[in-house]
Every structure is written in C-alpha cells, then in structure tokens.
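Taking it in order: structure first as structure tokens, then the write-up.
The values are calculated or read from the model by the stated rules, or taken from the named source; none is laboratory data. Only a predicted model underlies this, so the values are computations on that prediction, with no experimental measurement involved. Counting neighbours? That spans all protein chains shown, and the Cβs are built from the backbone with ideal geometry, glycine included.
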Amino acid sequence: MHDGEVVATAEQVRRLLAAQHPRWADLPITPVDDFGTDHVLFRLGDDLVARMPRAPWAVDQAASDARWLPVLAPHLPVAVPAPVATGEPGDGYPWPWSIAPWLPGRTPTAYDEGLVGLGADLGAFVRALHAVDATDGPLKPTGTRGAPVRDWDDAVREAIDACGDRVDRVAVSAAWDDVLAAPDWPHDPVWLHGDLLPGNLLVDGPDQRISAVIDFGALGTGDPAPDLQPCWAVLPPGERAAFREQVDLDDDTWRRGRGWALGPALTGIPYYWNTVPAFSRRGLRTVREVLADLG
C-alpha cells in the first residue's frame, strides 16, 4: 500500500508478546480483516487488540495514544481506544506498537441513509472534543491537518492535474480557490481528531448509533476545520444539518472544512488508484458531494 511499509504477522506479534507482555502471550491472535492505511490490527482474545504501525508516519501514534487518550476519554460521549500497554521494537519489527481494548461495533458505510442519528452523534463527539482544554496539547505542525489548509495548495493542485478527466477540474479548482480565500482560524488551538472517516468510527446496538471513535493518528491541537470532513465524506445529506447544528462553527471554518474534505480526497485519488481502488472511489464520491453542496 505504501513505500517503506512494514506489515507485521501474527507469529511476530506472538513473539513480541512473549518477550514484552507475557501475561497475554497465550491469548488467541486473530488478524483483523480491514483496509487500515496506518496499522495492521490483531485481536488478542476477546477483549484486546494489538495495533502494529505499517507506515513510517504512524510510528509515533502508540506514544501519542498512551499520553493523550486517557486525558481526553473522560470528556467524550463515546469510547476511545486508550492503550492498556505499549510495546517496543523487536523480533525484526522496527517500530513501537500498542495494545488497546477491543471496542465492539462495526464500521459504518459512508452515506448510509439507514444510520439515523449519525449526524447528531458525530457532531456531539466533535463538539465535546473541541471543548476539552487544549492548553498543553501538541500543536499540529505545518502541512498537517489542523495547520493552515493553504499549506496543501501545491499538493492539491498537482493532484487535480493527476486526476485528469476523473474530476471536473474547472469546478474543483474553483472550489479549492474558495477554500484558500477563507481566513485562518483566529482563535486558540482546539483538540481535533483530524480523520473522521467511516473506518475510524464504530456503530453498535439495536439503533446502530455511534459507540466509539478510533484511530487518533492525526490527533493534535489547531484549527478545528478538519473535523468537518465527515459532512461530505461520511454523512448522507439528511444527516448533515444535525451535524452542523451540533458542532456550531462559523461559516469561514466550514469553508476551510470543505478544503479538508477536498484535499485528502483529491490527493488520495491518484495515490490509491492502482493499489486500493476503493479508496480512490471514496475520494471521487467526496469530491462530488462537495461540488453538489456548493451548487
């Protein structure tokens, strides 16, 4: 999937557990069949999951999750995977890793009209996260989600060209120009998740409401606009008004939020075209939803 990736195996996880966390070494280990871009997951028995980074940019997440998720969890309306242990490189595996609770539920399908209440639930999570005191939180660096969206300008314009006739380049360029014309976030940084896509959400129960938010690899403090991405990348049209009402942010932040839907979608289309076509199709749908929203 990525240059420089490392894909851990169940046998490797078994040996790492035996060496570093022997109390769990005899648990059944089951690979989790998903398309995670940052980690390979292995369920440990019924209650735990080993999270093994697969991409170089994810190597700091074990430490970040262990430091910050226990701080955030008491303030959030749904469960988050605060690690119960971390692991060190070993047995040929080069990066830090973690063990977290296994959270029940399923990942939703984007734009699922049957998930009534998804907009309100997700909006309540975003609003609660943004309200947590961010004084000591890590500030998002230049070029990452939460920093000024204009830092993505070159990459997005290159991606528009690379997409060719897969997108309406004139309409997409105009939408991106509108994003860049929005002023920067004028307030203190806030906590943000930064990657609220379907694979990072869990729904559960008879009503299939949000039960957990997972994968905090983009966690940090900065502009809250990236957390508006699900309005165009996850939610069906009927759920978007409830989401917008819950998060209660100004129009300029919503303009930048469109950018954080467009930017990852456009750059992902050519990046995944030959490796994970489903991700490219998801990006194309997001682009269409943003353009439809703009009329």
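All of Asp227, Asp223 fail the test of being within 15 Å of the chain's Cα centre (by Cα), buried (at least 19 other Cβ atoms within 10 Å of the Cβ) and of a type in the set (D, E, K, R), apart from Asp227. Within region 213-249, being charged (D, E, K, R), outside any helix (DSSP H, G or I) and within 25 Å of Val116 (Cα to Cα) holds for Asp215, Asp248. Looking at region 74-116, which of the residues that are closer than 28 Å to Ala233 by Cβ and among the acidic types (Asp, Glu) is surrounded by the fewest Cβ atoms within 10 Å (Cβ to Cβ)? The extreme case among them is Glu113.
Let's see how each residue does on (1) of a type in the set (D, E, K, R); (2) assigned to a loop (DSSP other than H, G, I, E, B); (3) within 18 Å of Gly220 (Cα to Cα):
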residue	(1), (2), (3)
Ala124	no, no, no
His130	no, no, yes
Ala155	no, no, no
Asp165	yes, no, no
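A Cβ distance below 8 Å, combined with a sequence gap of six or more or placement on separate chains, defines the contacts here; from region 27-55, residues that are on the phi > 0 side of the Ramachandran plot reach residues that are outside any strand (DSSP E or B) and at pLDDT 95 or above in the pairs Gly45/Trp24; Gly45/Leu27; Gly45/Pro28. Note on region 193-211: residues that are among the charged types (D, E, K, R) and in a loop (DSSP other than H, G, I, E, B) total 2.
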